[in-house]
Amino acid sequence: MSLAARHLEENGIPTVIMGSARDIVEECGVPRFVFTDFPLGNPCGKPWDTDMQRSIVDTALVLLDRAWMPRTTVQTPYQWGDDTWREAFFRVDESNRQQLAQAGEERRRRQTEIKTGASPLATEGKK
């Protein structure tokens, strides 16, 4: 994404990258970056927390409009809740393999419900 953003910027299209890997994204030199210190895959906030997600996206849109200098990073104020995710980040072993598989199945089920309109989340933004 960082390289795509730089290419778009060179061609006059402003961009904002939203991410959770600050060291990597900043090293790539993106023009505007919204950093959320959450586990990878959650740069827009906690799953199913639409208020937080809207706030983070709003932060990105404000940054897009008001960035005061190149390579600007804005950090969101949100906390994951505790830092235990850091200790177990990317750990898959026999102690958690079944739990991770079940969580993945639940996530896929919920995504299917949303896509097919079987979930209240599917109609939340259409009010």
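Pop out the ³J(HN,Hα) list for the stretch 62-73 in order, Karplus 6.51 cos²θ - 1.76 cosθ + 1.60 with θ = phi - 60°, rounded to Hz; leave Gly and Pro as x.
Using θ = phi - 60°, the values come out as 5, 4, 4, 7, 10, 4, 9, 6, x, 6, 8, 10 Hz.
Can you give the accessible area of VAL74, probe radius 1.4 Å, in Å² rounded to 10?
Looks like 40 Å² after rounding.
Provide the solvent-accessible area of SER55, counting protein heavy atoms only and rolling a 1.4 Å probe, rounded to the nearest 10 Å².
Near enough 40 Å² of accessible area.
Roughly to the nearest percent, how much of the accessible area of the chain is carbon and sulfur, given a 1.4 Å probe?
That share works out to 54 percent.
P(r) tail for the chain, what percent of Cα pairs lie past 18 Å?
So the portion of pairs separated by more than 18 Å is 63 percent.
Where does each of GLU94, GLU26, GLU105 land when they are ordered by accessible area, with a 1.4 Å probe and the largest first?
Of GLU94, GLU26, GLU105, the descending order of accessible area is GLU94, GLU105, GLU26.
Under the rule of at least 5 residues apart or a separate chain, name every residue whose amide H is placed under 5 Å from the amide H of MET18.
Distant-sequence amide H within range of MET18: VAL34.
Please list log₁₀ I(q)/I(0) at q = 0.21, 0.25, 0.26, 0.28 Å⁻¹ for the stretch 1-47, using the Debye equation with identical point scatterers on the alpha-carbon positions.
-0.66, -0.85, -0.89, -0.98
If you roll a 1.4 Å probe over the heavy atoms of the protein chains, what accessible area per residue do you get for the chain, in Å²?
Value for the chain: 71 Å² per residue.
Mind ranking MET18, MET1, MET52 by accessible surface for me, highest first, 1.4 Å probe?
Ranking MET18, MET1, MET52 by accessible area, largest first, yields MET1, MET18, MET52.
For the stretch 37-96, what does the convex hull of the Cα positions come to per residue, in cubic angstrom?
Convex hull volume per residue, Cα atoms: 105 Å³.
Taking the Cα-to-Cβ direction at GLU113 and at ASP51 and moving 7 Å from each Cα, how far apart do the two end points lie in nm?
In this crude spin-label approximation the distance works out to 2.1 nm.
Rounded to the nearest 20 Debye, what is the dipole magnitude of the chain about its Cα centre when Lys and Arg each give +1 and Asp and Glu each give -1 at the C-beta?
460
Farthest toward the dipole's positive end in the chain, which of THR36, ALA118, PRO70, given Cβ charges of +1 (Lys, Arg) and -1 (Asp, Glu) about the Cα centre?
ALA118
Given the protein chains as shown and a 1.4 Å probe, how many square angstrom of ARG107 are accessible, to the nearest 10?
Accessible area of ARG107: about 130 Å².
The values are calculated or read from the model by the stated rules, or taken from the named source; none is laboratory data. Since the model is a prediction, treat every value here as computed from it, not as a measurement. Positions of Cβ are generated from backbone atoms using ideal geometry, with glycine treated the same way; all protein chains shown enter the neighbour counts. Note: accessible area is taken over every heavy atom of the protein model, side chains too, but ligands, DNA and RNA are not part of it. Shrake-Rupley method; radii C 1.70, N 1.55, O 1.52, S 1.80 Å.
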